Amino acid sequence: MTSNRDVVAMLGELVTLTTLDEESSQSFKVRAYDNARLAVESYTADITKLELNELLEVNGLGKATASKIRELIETGQVAKLNELRKTYPPDFVALSRIPGVGPKTLKMMRKELGIENVDDLRAAVAAEQIRTLPRMGAKSEEKIGKAIDRLGLSGKDRRTPIADAMPVAERLVDDLHALDSVTDAMWCGSLRRMSETIGDIDITVAATDPATVMNAVRSHREVAEIVVSGETKTSFLTAAGLQVDVRVVAPEQFGAATLYFTGSKQHNIELRQRAIKKGWLLNEYGLIEKPAIDEDTKDSPSGADTPPEDSPANEPAVIASASEVDIYGALGLSFIPAPMREGTGEIDRAASDGFDDLVQRSHIKGDLHYHTAQSGDGRSSVADMVQVAADAGHQYLAITDHGEDLPINGSNATEMLEHRDLIAKIQHDHPDLTLLWGCELNIDATGGLDYDDDFRALFDYTVASVHSHFDQSVAKQTERLVAAISDPTVDSIGHLTGRYIGRRPGIEIDVDIVLEALMHFDVALEINGSLNRLDAASDVVRRAVERGVKLVINTDSHHTSELGRMEYGVQTAQRGWAPSDLVINTWERDRFLAWVGEHRADR
Ligand code: DGT
Ligand code: CA
Ligand code: CA
Ligand code: ZN
């Protein structure tokens, strides 16, 4: 049952753990694993069908990596990885996400101070022990303490960044779908609502034979430790320490179950109140008529292993239970997309105007932040990147490789002009897709941008974003962004804060001032669909929507395999209640191109 995605996950974990083991991300082994990971990620056929000698012919795979891939396919495990997992348990690995704590420092802290997890590190910072270590000082100690606070990494309620949780859920749901008795399977909970961090993954399965599902889950490759397992519910921990709850329900109760387990808790409470007002009850089994003998309306038991035992004599009538749409409908509500279910006014809205104007994936007509091999960190050729955009059905595409100010990754003016010629050539092969020669401009510490003003004005389209200087004051960062926004060659602002969720805190800004500037200069605010970023965040998007700031949803793809990020971007936009009409890349080509011309001319 191994798939390409499992192989990618295995190699990714080897990269992380070997980086710790060898105390460098540049060691020969780490780079070999990483190259192999990229190779498998771009491999379009089923890699698990290849024998060892065939694997060795794949570009990027060597002897050591190919044999580990075969080991995974044949045994479901990799001995080397198991060994590394023992030496570096999840709590310890989590420390490597803290900025300023490299693998060398981490192992030194473990050896000298016995630091095994975030709580240990926090205590050592408080006791001023870190500054006593070689190469460390009071300043670096203070920085680490601050990063722990800002990343919210402390204590028992450690949460997993969505980028780490989503692939686990996708792999598991895929495998569950493949089982014969399974009619449907879906991840629910905070993950389906597109929360930035995930407490645990909740998976709901509709099946006619729960026992086979539970067996498959218990023996699944993602399972490192079973927490509890019964007839219809299994909870387990992954090797990274992430908990997964899998619940099986009857197909006719699937909608009620996904609704309940998607939450949020507050959303559920408000829905249930609405049901009660209509004289009904809502629980994870359905929307039902109040039973004749009705003692209370308290919470139904969540996560129970067996359905309630109704005596057939007074079995209550089921009003709706198979689909979420039916249940919302019966409650007099239009369907509420999962990312909006936070109990922040969505039910009132569903009862009145509804969400017909909400942005949907099907509305998207172009991608306006998009890299090719012209960027140092781009991994696919211009021709290939354009081809997959055409295949995705886009009408227009802005190719925004990095400007010259970004070390290693950027291109100077001469290179950019050659790049323009290449794009023009490739344009001939794609009459239905308008290619824009664009640039991702780098916003420097004070808001300055790449090239000179005249050269920047040549680009068909630009996105300007922050890639460095994360530690300035709020006032400086705000000024910096406003300076970039006011530049007449800037069409949009990319990944607003530069954060990596759970790994690197973004710049701190005065959101109101920045939104005001975006509004004033008619510059679009990006929602970056990379799960590591989801930036601007949904709460900022919602404030932008209230003001009428224009939005753009992008993948920021650096490889042909990354276009699926658009869906995550759209869901983040929905979480911020974004209407389609504010999102410039939902517009028809002519309207979009006219806007680019107009808003530049107006400045
Ligand atoms: P998380 O896991 O902390 O990121 O957040 P959730 O929202 O996934 O929360 P979780 O896993 O505890 O529960 C999943 C869903 O189940 C939750 O969103 C709503 C529902 N649920 C859980 N406990 C309760 C409860 O006590 N009352 C109600 N109404 N719903 C609950
Ligand atoms: Ca959860
Ligand atoms: Ca849960
Ligand atoms: Zn980019």
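Of note:
- Amide H partners (placed H, <5 Å) of His369, local residues excluded: Ala398, Thr555, Asp556
- Average Cα contact separation per residue, the range 160-249, under 8 Å, 6 or more apart, as relative contact order %: 26
- Pair-distance distribution P(r) for the range 395-501, from all Cα-Cα distances in 10 Å bins starting at 0: 15, 44, 29, 10, 2 percent.
- Virtual spin-label span in nm between Arg420 and Met1, 7 Å along Cα→Cβ: 5.5
- From the largest down, the range 4-150 spans 55, 25, 24 angstrom on the principal axes of its Cα atoms.
- With R₀ set to 25 Å, the beta-carbon distance separating Ile513 from Ala601 gives a calculated FRET efficiency near 0.50.
- Packing-based exposure ordering (other Cβ within 10 Å, fewest first) of Tyr33, Tyr88: Tyr88, Tyr33
- Karplus-derived 3J(HN,Hα), 6.51/-1.76/1.60, for each residue of the range 316-333, Hz, glycine and proline x: x, 6, 8, 8, 7, 7, 6, 9, 4, 4, 4, 5, 4, x, 5, 7, x, 10
- Cα extents for the range 361-601 along the principal axes, largest to smallest and rounded to whole angstrom: 46, 38, 37.
- Note on the range 160-249: Cα-only Rg and Dmax are 11.9, 34 Å.
- Debye intensity ratio I(q)/I(0), log10, the range 303-454, q values 0.11, 0.15 Å⁻¹ (C-alpha model): -0.68, -0.87
- For the chain, radius of gyration divided by Kirkwood radius, i.e. Rg to Rh on alpha-carbons: 0.98
- Gain in span if fully extended, Thr344 to Ser323, counting 0.36 nm per residue against the direct Cα distance: 5.3 nm
- Kirkwood-based shape ratio for the range 19-99, expressed as Rg/Rh from alpha carbons: 1.00
- Segment Ser229-Gln266, extension gain: residue separation times 0.36 nm, minus the distance between their alpha carbons: 10.6 nm
- Helical mean residue ellipticity (222 nm; -39500 (n - 2.57) per DSSP H run of 4+; nearest 500) of the chain: -12500 deg cm²/dmol
- J(HN,Hα) series, the range 553-569, from Karplus relation 6.51 cos²θ - 1.76 cosθ + 1.60, nearest Hz, glycine and proline x: 10, 10, 8, 6, 5, 10, 7, 5, 8, 9, 5, x, 4, 4, 4, 5, x
- Segment Asp452-Gln243, extension gain: residue separation times 0.36 nm, minus the distance between their alpha carbons: 70.1 nm
- Dividing the mean sequence gap of close Cα pairs (under 8 Å, 6+ apart) by how many residues the chain holds gives a relative contact order of 9 percent.
- Descending semi-axes in whole angstrom, ellipsoid equivalent of the range 493-601, from the Cα gyration tensor: 21, 18, 12
- Evaluated at q = 0.18, 0.29 Å⁻¹, the base-10 log of the normalised Debye intensity for the range 437-490, with identical point scatterers placed on the Cα atoms, takes the values -0.54, -1.16.
- J(HN,Hα) series, the range 162-172, from Karplus relation 6.51 cos²θ - 1.76 cosθ + 1.60, nearest Hz, glycine and proline x: 4, 5, 7, 7, 4, x, 4, 5, 5, 5, 5
- Taken as Cα centroids, the range 154-204 and the range 347-419 sit 27 Å apart, rounded to the nearest whole angstrom.
Each reported figure results from applying straightforward, stated rules to the coordinates on display, with no laboratory input. These numbers were taken from a predicted model, which means no experiment stands behind them. Positions of Cβ are backbone-derived with ideal geometry, glycine not excepted, and every protein chain shown enters the neighbour counts.
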